[in-house]
Structure formats: structure tokens, C-alpha cells
């Protein structure tokens, strides 16, 4: 493979199942050493793409190379250079953690001694050494995923596929998995990650590719994508309607943008210009402090991030999910200011205000 | 960072990795080693969870008691003879066929949990998963059969043939089991989840009853008797009755007259059909 050449290349991938077209001319290039997040609703084709690239699925058209090898003609070469972690922890429940890793190590032809040594290294590294002798069925969800990840890393793969790696995990388990992925990336592993969670892509990916109905509909860095979508918003409700204008000026000072006011519900909404999550949270703290200093009583204040539904509404003009409703005005991906407030959210705000 | 091989070298395992087998001999050695690794997985299962094995062995033991003593008194052996002498070969055959359930459940659960996909995404021999599974199941079947024969001897069943004939009968039983392992692997790969696999399993019970295992086909309504006579299980059971020298031989139909031939031909035909189907299904695994 050429130095710093792309780790993953897909050109015009097509895949049809009996009824549906899962991929329709899917292109993807992932540079070596980067993390690419595939984001999309259920049925967008994310898993299909990952399964094709990891040599698990035959496809109908196009071509793909992983780590410089063709996924069809040189599948065995590809398999030596990839790790795959799917939506389930694909490990044996009855075997112990160590026995699992040893079995997979033998199947990578490391030999009995080599497999044992590698298993010990990985158990240590993923903080599983203490429970290595227990059956996996006694492991927590996070531990299982870490073991699963360890099994994917036996060959120190150049490319790691993570298909919704944190689905079904509690917050602690998610953080454990994120930390493990980050440390791998620091060592130069290329990662292709699929997720339904915007924040997960945000935390892990250098670049996000948004898929819908088997095609790429948007791509870019998380920051760029979020600014396309509209970024975070600060929503607040104040106690005294007479203070609305004054409060709006305070908020404008903090957020650096003109807020929108709703006198009937004493509500104020302002876009938060900062990009990264930590900075947006700082804005919230600053707003609370500034309003407090100005002597304005706040009934409710919250930072609201765009949800995946909103991302799709904005990018595709139709809501996420298999339901095919036409979106309002068929909005273009990059058109205009962001006004679409989800109805549910507004209603909720009204009940708090009343 | 230069190339990814350099950057991951610190954690990469030592030399033997990433070598593809060159030549047919290396390929075979690979396949054998990988299959054994997979078989070993199931052997570890039995060591770690002996209760699983014990429950599996309970089934044939209970069958001997249930059919031998509860139903046995009401059964008539065609041509005369002791019912338990007639019954045991039927139970041997039925147990071999019922092993399909374990195979199917195991295969479906692996596929459902993504373990099959992990194997498929690894550079191991493509045949190893199914071959390893069938090897483990065969070892399990031998244990089943040993227990069942011991139970039989306790309740008064005897093999009256020569040692060679007795061994040939055991061989025929294992051949039947081997054939149905491939049916199990294929159905297991096809089933969407363990529940579907369970439904297949429920169909199996009547299929084993429509045979000569418990009742002579001549005593059934004509069409059912014909179906029972042509059940692969019937051929094996009739053949081993002959080899063991147990009562219940008979029937004038061609299939009944050629039990020995068919006890070999049926399993081979089943393997010839389901082995390639299973391997193909495993390679493609369209789920």
C-alpha cells in the first residue's frame, strides 16, 4: 500500500436485496489513520456498506479496496488486515475472556503460544486481566464490548470497522468503548464507524459521511456538518414578560447572535456560535451568570443540540426513518437559516411556561 | 507516522501472522488446524458446562424407560419377539436424528450473535467452522450412543450378532448422525433466530415417529406405511436390527428388503445434498 494512501476506497458500490436497494452507487474514500463516521437512520445502508468492505457480503456492482487489497479477489489478504466489531458482542458466552482471545488468535494462525501471549497483552490493555478467567456470560455489557474489540485487534489491524459499537450500552459502557477507540486511533489505526448517534460521530470522527437510502448525501468534518445543520441553540423562558427585551440583549451579548423572542410564552431562542460541545456548555453557564447579574429571573434554560431527526430533515427534506413523508418545502441541504423547530419541543416548552 | 504497518508494529504479533497457505498441502494443513480449533471450542464448552452434556444424555435414558416400560406393554412386535429388543435399535436411530436439534441451535445462535460473521471476517480456512462443528457433534454422538447402549444392556437388550456386525451397526448409526449434522447446519444457517430453529425441531418429532422405530409400518394406513418405510431412519433401524439380530425384520417392499443398502445410500445422498448447500450458505451468509 502506498504510504498515506487511502485505507478504504469504495467506488460506485451497488447492492440490492430482494425488495430494496441497499446501496445505490456508494463512493467512499477514507485516508489512512483517520476516523470516518458513517451516519444515517436505520435502513440507510450503513451496515451493508460495512459488511461489503469487511468481505462479509457479496455485492452487485462497483469495487472496493481495503488496506490496498481488493475485497473480492484478495479477500484473505484483506481479512488479515481488518478488525470487525459488529452490533453484538461476537464472543463465545461460555468460554472465558482468555479462552475467547486464544481461540481467535489460533484462527489467525499465531500458534498456541503466540495466541496465548497475544491474549494476555490484549486482556491487560483492555483492563480485562482480572476477569480473564471468568465466563463471558458473567461480564457486563461494556466488558463484553471491550473483549469484542480486543478480539478484533488480535492482528493489530490497519483498518477497524465498528458497526454501531455502543448500541445498547449504558453511558459508562459507551465511554469505555470510546476511550478504547481513541487510544487505537492514536496509534494510527484507520477506523470506519457507523452510528445513529450524532454525538458519537462528533466525539470520534474526523470526518462524517451522511447516508440516506444507499447514497452519500453529505460529508465533512463534524464542525462543518453541524454548522450546515445549524449548531446548538440556547432556549430559555424568563419569569417576567416585561424583562423580555432586556433579557434578549443579555443573551445576544453572550451568544454573539441576535436571539428570537416569543412574548406570548416569554421565550428566547438564540443560536450558539461556538462549535465544540465544551464551548457550547460554557455559553450556557455564561448566560445563566449574565442573566443572574442583570437580575433577570429565569424559569427554564437549556442548551439544545440538533437531533439526528433534524439533521435529516435539513439534509434530505424528509424525516429520518423508513416513512416516506415529503419534507416541508423540500429544503436543500445548505439552504437558508434554520427555523424548523420540532413541534413536540415547542409544545413542551409551552407547558413549562404556563 | 509513515505507513500503518510501521505505526502498528509496536503492538503487532510476531512473524507467523499474515501468511497465506501456498499449495494444496498447506491449505489442507490449515483447514485441519482451524477445524480442530473450532472443535476445541465445543470441547471447552462441555468441560465448563458439564450440565449441558448431562442433560443431553438424560434424554436417551428417559426414552428407554418411557418407551420400554410405559408404552412397551401395549406394543406388538411383528413376527413376535420382545418389544424392548425391537425398540432399542429404534431409539438408537431416533437419538441420532434428534442430535440435529443441538447442531441447529448452536449454528443459529452463533449466526444470531455475530460469531459466525467474526469467523467469516477472519483469514481462516472457509470449511473450518462447519467441519469443526460437525466433528464436535460426532464426538457428542459417540458419547450419546455409548450411554444409550449401556442403558439398553441394563433393560435387557442384547446384540446377538458377531462383533463385526455390531460394529457395523454402530457405524451405520454414526453415519446417519453425520448426514443429519449437515441438515442441521444448513437449517441452522437458514433459520433467522433460535425460535425459528425451535420450530424446525418441533417438526422433527413426528418425522421420527413416521418410521419403523416404534411400530412396524405394515400396521399403519397404507400411504403412511409407505412414507414410514421410505424414511431414511427406517432403513438404518431395519439394517441395525438385522445386524444386532433383534426382532422386527420384515416387510415385502423393496425398501424393506434392501435396508442395508439403503442405510448406506440414504445418508450418503443426504450428505451429498446438504454438505455443499451448507458450505455455500456459510460462505455467502446473506443475513
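Read the figures in this text as sums done on the coordinates, not as results from a lab. Fair warning: this is a prediction, and the values are worked out from it, not measured in the lab. Glycine gets a Cβ as well: all are built from the backbone with ideal geometry, and neighbour counts include every protein chain shown.
Distance between the pseudo-spin-label points of residue A:58 and residue B:143 (7 Å out from Cα toward the beta carbon): 3.8 nm. Sorted on the mean count of surrounding Cβ atoms within 10 Å across their residues, most packed first, peptides A:112-118, B:200-206, B:216-222 read A:112-118, B:216-222, B:200-206.
Beta bridges per DSSP, both residues in the protein assembly as shown: antiparallel share near 65 percent.
Calculated on C-alpha atoms, the gyration radius of region A:232-304 divided by its Kirkwood radius gives an Rg/Rh of 0.93.
Give me the mean projected area, in nm² to one decimal, of the convex hull enclosing the Cα positions of the protein assembly as shown.
Details: hull surface 147.3 nm².
Projected area, direction-averaged: 36.8 nm².
Solvent-free Debye calculation, one equal scatterer per alpha-carbon of region B:41-146: log10 I(q)/I(0) at 0.12, 0.15, 0.18 Å⁻¹ equals -0.55, -0.74, -0.93. Inter-part distance, region A:110-186 to region A:7-47, computed on C-alpha centroids, equals 25 Å. Between B:199, B:102, B:246, where does the largest GNM mean-square fluctuation fall for chain B, given springs only between Cα atoms within less than 10 Å? In the Gaussian network model the winner is B:199. Helix B:83-113 and the long axis of chain B differ in direction by around 20°, with both axes built from C-alpha atoms. On the basis of the beta-carbon distance and an R0 of 45 Å, residue A:112 and residue B:253 show a calculated FRET efficiency of 0.25.
Dividing the C-alpha radius of gyration of region A:69-184 by 2.2 N^0.38 Å, with N its residue count, gives 1.03. Using R0 = 56 Å, the C-beta based FRET efficiency linking residue B:55 and residue A:285 works out to 0.40. Taking every DSSP beta bridge that has both ends in region A:6-226, the antiparallel portion is near 55%.
Projected onto planes of every orientation and averaged, the convex hull of the alpha-carbon atoms in region A:1-68 covers 4.6 nm². Taking the longest Cα principal axis of chain B as reference, the axis of helix B:163-190 is set at about 50 degrees. Legend: Rg and Dmax of region B:118-213, from Cα coordinates, 17.0, 52 Å.
Where both bridge residues fall in region A:106-251, DSSP classifies roughly 50% of the beta bridges as antiparallel.
Among B:45, A:138, the ranking by other beta carbons within 10 Å of each residue's beta carbon, starting with the fewest, stands as A:138, B:45. Computed across chain B, the Kirkwood hydrodynamic radius from all distinct Cα-Cα pairs reaches 20.7 Å. Mean projection of the Cα convex hull over all viewing directions, computed for region B:177-287: 7.6 nm². The ellipsoid equivalent to the alpha-carbon distribution of region A:150-249 has semi-axes of 37, 17, 12 angstrom, derived from the gyration tensor eigenvalues as √(5λ) and listed largest first. The C-alpha atoms of chain B define a longest principal axis, and helix B:128-154 lies at about 30 degrees to it. If you model region A:6-226 as an ellipsoid using its alpha carbon gyration tensor, with each semi-axis the square root of five times an eigenvalue, the axes come out at 29, 20, 16 Å, biggest first.
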